[in-house]
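Notes follow once the structure below has been shown.
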There are 6 protein chains.
Amino acid sequence: MTDQEAHETLKESGRKVLADVLGESYLAKRDATNNDFWGPARQFSEEFAYASLWTRDGLDRKQRSMITVAMLCALNRPHELKIHLVGAINNGCSKLELREIFTHAIAYAGFPAAIDALRVAEEVLKEQGKF
Amino acid sequence: MTDQEAHETLKESGRKVLADVLGESYLAKRDATNNDFWGPARQFSEEFAYASLWTRDGLDRKQRSMITVAMLCALNRPHELKIHLVGAINNGCSKLELREIFTHAIAYAGFPAAIDALRVAEEVLKEQGKF
Amino acid sequence: MTDQEAHETLKESGRKVLADVLGESYLAKRDATNNDFWGPARQFSEEFAYASLWTRDGLDRKQRSMITVAMLCALNRPHELKIHLVGAINNGCSKLELREIFTHAIAYAGFPAAIDALRVAEEVLKEQGKF
Amino acid sequence: MTDQEAHETLKESGRKVLADVLGESYLAKRDATNNDFWGPARQFSEEFAYASLWTRDGLDRKQRSMITVAMLCALNRPHELKIHLVGAINNGCSKLELREIFTHAIAYAGFPAAIDALRVAEEVLKEQGKF
Amino acid sequence: MTDQEAHETLKESGRKVLADVLGESYLAKRDATNNDFWGPARQFSEEFAYASLWTRDGLDRKQRSMITVAMLCALNRPHELKIHLVGAINNGCSKLELREIFTHAIAYAGFPAAIDALRVAEEVLKEQGKF
Amino acid sequence: MTDQEAHETLKESGRKVLADVLGESYLAKRDATNNDFWGPARQFSEEFAYASLWTRDGLDRKQRSMITVAMLCALNRPHELKIHLVGAINNGCSKLELREIFTHAIAYAGFPAAIDALRVAEEVLKEQGKF
């Protein structure tokens with residue numbers, strides 16, 4: 001097996017997980033805007049994040065969503081937080097649980113990080129009809 | 001009721017939670033080194049973090065530990081990470097779950113953040129006889 | 001006294017300080033948009049940030065505003081910076097002092113952090129008729 | 001020589017480098033919006049960043065652009081990243097090289113940092129007719 | 001005047017300010033360990049940080065120390081924090097004021113940042129015989 | 001081909017690159033301390049960082065080292081910086097180039113980040129007999 005074949009194998013596995021977590025329509029939209037500039041980063045996201053990490057045992061998907069959005073709050077990355085909040089809702093996180101994650105974050109990341117994340121979460125929950 | 005009485009009430013509640021999460025001996029050692037310089041920050045930790053946040057509904061203590069250590073990994077704070085890893089173990093996180101939290105962090109906070117956190121976790125797990 | 005009574009006591013104290021620092025109209029607008037999702041974080045902001053920290057001796061409010069906006073510049077949190085720049089102006093910071101805080105920040109947080117904060121400060125100073 | 005003369009000397013040198021890296025029209029636009037609030041930070045940018053650092057031996061301008069945009073990706077500063085991406089293109093970085101810098105960043109700063117930087121780079125490359 | 005002369009002029013001014021803020025013995029020790037690797041960064045520190053920023057009007061040295069240590073707390077840079085805490089004490093910050101700066105930081109940078117800074121401050125205050 | 005086979009294929013490729021960049025003795029030492037806790041993170045480092053990113057066209061290894069150490073300076077990760085400075089030296093970065101990377105970083109990440117990185121670089125260069 002060549003590295004190229006290995007990459008293709010993982011990419012295909014990752015795309016299935018990504019479609020599960022973020023939805024088929026998200027994947028279709030993402031594919032429609034793909035090109036040679038975004039290609040490698042997106043393929044690695046599929047191969048590495050979705051095929052290799054999100055499929056591991058030890059934590060279920062809801063737990064992975066919880067720690068992912070908690071880290072994105074701390075890391076100050078609202079664009080990715082928005083996407084992973086959609087994933088978190090699909091993986092079973094309730095509005096109440098998302099509120100608690102970011103309210104808890106006040107103590108560790110400070111009020112500004114928590115408030116910025118609550119603002120993004122409000123936006124996503126409204127878009128998903130769950131606010 | 002005065003603000004001072006309110007602070008004392010919350011402080012007493014928080015100290016019980018802190019003793020639960022980090023152990024009576026941790027609290028005793030902490031009290032033995034307290035003084036006017038550290039006093040306010042420690043009291044606020046008891047009042048606000050332990051009495052006000054760790055007691056809330058919506059997430060259980062194990063879930064709160066998971067998102068706390070995930071954020072501390074992203075925030076690059078090894079001293080506090082060490083303390084909260086002790087809390088995480090007391091709140092039911094296994095060695096496997098801690099490994100998975102920081103392995104998952106690779107994708108979002110990068111390898112260096114994940115590896116630094118795994119190093120701290122190895123140290124704490126060994127101190128606790130759980131490695 | 002119950003914890004709940006303690007929280008209510010601190011909340012009431014904090015709301016007075018918040019109204020002092022950010023203005024009655026800010027508090028009224030904030031209350032008008034409150035709900036169960038934002039409630040806990042806002043209450044903790046009132047109880048902990050405004051009632052418990054901004055009322056302490058040792059630093060006056062202008063000094064607290066100066067270090068707050070300096071930290072928010074370093075922490076890369078423009079939304080909260082904007083709010084605390086309004087507070088800083090209300091607490092007596094001049095346009096010149098704000099310019100100096102963020103110009104000084106160049107050496108410690110780098111040009112990008114300083115320039116992003118100056119941009120937010122220009123916006124707030126213009127809104128307040130002080131540019 | 002007074003410090004004031006020293007500052008003026010470096011400022012003039014820095015303005016030539018800045019015009020080289022970012023273009024005469026960028027400098028003209030920047031000068032047109034200058035005022036007493038922005039003046040010191042912009043002068044220090046000219047004196048210190050452009051006259052003192054970008055003129056040093058040991059790394060060429062293209063190498064300096066590469067490490068600058070890599071750091072701005074890690075530092076989460078999209079406004080400055082946008083400006084320095086224009087400089088990077090003027091200093092000889094190709095679309096392919098910029099893609100590789102931020103794709104490489106996935107491993108060290110995480111996917112969210114890399115994806116945010118790729119988004120800014122796509123925007124700048126399109127504005128420059130190079131996407 | 002050449003750029004080289006300008007740099008030398010600012011360097012000499014900066015060294016006087018540095019000796020004022022951190023002490024003659026600190027400067028002597030720093031000079032004794034200087035070499036071609038550290039030279040440029042130290043010269044820029046003298047020229048830019050000490051000659052150009054710490055000498056500006058608008059904020060006094062104690063105010064500059066306060067915002068400097070507040071930013072270093074947020075930026076997670078304990079080595080530089082230690083040095084600037086010495087400067088802060090020399091510029092008139094009391095133990096009480098330093099305690100308040102970092103206790104205030106809890107709300108904005110989170111408990112871990114505040115506690116790490118209090119630990120460094122305790123160490124410096126003890127070394128200076130002021131704890 | 002199964003995902004498991006794909007992972008093994010990439011792992012083997014990555015180990016060769018890792019041995020090239022960091023040395024056979026580094027890899028041997030790393031393998032000797034491997035276990036079930038560190039295994040997944042290390043395997044992903046081999047598969048993803050070394051097999052998938054460090055082998056890509058568009059940037060050579062020296063350029064990848066330069067942007068890697070620049071990012072690690074900004075990200076405040078001294079443990080990983082130390083390892084990647086060894087790699088940078090192996091990939092052809094000179095003492096002078098490393099000095100320039102971190103001196104350049106002053107403007108973007110601030111003096112504290114630059115000075116912390118210069119300290120780590122001095123340590124590594126001395127260990128490698130290149131200071």
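The values are calculated or read from the model by the stated rules, or taken from the named source; none is laboratory data. Since the model is a prediction, treat every value here as computed from it, not as a measurement. Reconstructed Cβ throughout: ideal geometry from the backbone, glycine too, with neighbour counts over all protein chains shown. Side chains included, ligands, DNA and RNA excluded: accessible areas come from the protein's heavy atoms. Shrake-Rupley method; radii C 1.70, N 1.55, O 1.52, S 1.80 Å.
Observations, loosely collected:
- Solvent-accessible surface, computed for protein heavy atoms with a probe of 1.4 Å, shrinks by 40 Å² or more for the following residues of segment F:1-31 when the other protein chains are added to the isolated chain: F:Met1, F:Asp3, F:His7, F:Thr9, F:Leu10.
- B:Ser25-E:Asp20 pseudo-label distance in nm [points 7 Å out on the Cα-to-Cβ vector]: 5.3
- Exam field: F:Glu123 pseudo-label spacings to other copies (7 Å along Cα-Cβ), nanometres: 1.3, 1.3, 3.8, 4.0, 4.0
- If the Kirkwood radius is taken over C-alpha pairs of chain A, then at 20 °C and 1.002 mPa s the Stokes-Einstein diffusion coefficient equals 138 µm²/s.
- Kyte-Doolittle at least -1.0, axis length at least 15 Å by Cα - qualifying DSSP helices, chain F: F:3-22, F:61-75, F:78-90, F:95-109, F:111-127
- Accessible surface of A:Tyr26, taken over heavy atoms with a 1.4 Å probe and every protein chain present, rounds to 70 Å².
- Listed residues D:Asp36, D:Asp57, D:Asp116, most fluctuating in chain D (Gaussian network, C-alpha, under 10 Å): D:Asp36
- Peptide C:39-46 shows a mean partner chain C-beta count of 5 within 10 Å per residue C-beta.
- When the Gaussian network model of chain C links Cα atoms closer than 10 Å, the mean-square fluctuations of C:Gly14, C:Gly87, C:Gly39 top out at C:Gly39.
- Rounded to whole Hz, the Karplus (6.51, -1.76, 1.60) HN-Hα couplings of segment B:45-51, x for glycine and proline: 4, 5, 5, 8, 5, 7, 6
- Within the accessible surface of segment D:1-99, defined with a 1.4 Å probe on protein heavy atoms only, the carbon and sulfur portion equals 49 percent.
- With the convex hull drawn over the C-alpha atoms of the protein assembly as shown, the volume per residue is 152 Å³.
- Only Lys, Arg, Asp and Glu carry charge here, each on its Cβ (+1 for the first two, -1 for the last two); on that basis segment E:31-131 has a dipole of about 300 debye about its Cα centre.
- 10 Å Cβ shell holding at most 14 others, DSSP loop, trypsin sites (Lys or Arg not before Pro): longest site-free stretch of chain B: B:57-129
- Per-copy distances of the C:Asp36 label point, shortest first, in nm (7 angstrom along Cα→Cβ): 4.3, 4.7, 5.4, 5.4, 7.0
- With protein chains left intact and a 1.4 Å probe, residues in segment A:1-103 average 36 Å² of accessible area per residue.
- Among D:Gly23, D:Gly92, D:Gly58, the largest mean-square fluctuation in a Gaussian network model of chain D (Cα springs under 10 Å) belongs to D:Gly58.
- Of all chain F residues, the one whose C-beta is nearest the axis that brings F onto C, in angstrom: F:Gly110, 2
- Overall shape: oblate for segment D:1-51, with the ratio a/c of the largest to smallest alpha carbon gyration tensor axis at 1.5 or above and b/c at least equal to a/b.
- Summed buried accessible area for A+C [probe radius 1.4 Å, Å², rounded to 100]: 1600
- Inverse of mean 1/r across different Cα pairs in segment F:70-120, Kirkwood, Å: 10.6
- Other protein chain Cβ atoms within 10 Å, averaged over every residue that makes up B:55-64: 4
- Inter-part distance where segment E:19-49 and segment F:14-93 are each reduced to a Cα centre, Å: 33
- The same position D:Glu24 in the other copies lies at 5.3, 5.8, 5.8, 5.9, 8.1 nm from this copy, comparing label points 7 Å beyond Cα toward the beta-carbon, shortest first.
- Relative contact order (%) - criterion: Cα under 8 Å, at least six apart; region: chain B: 23
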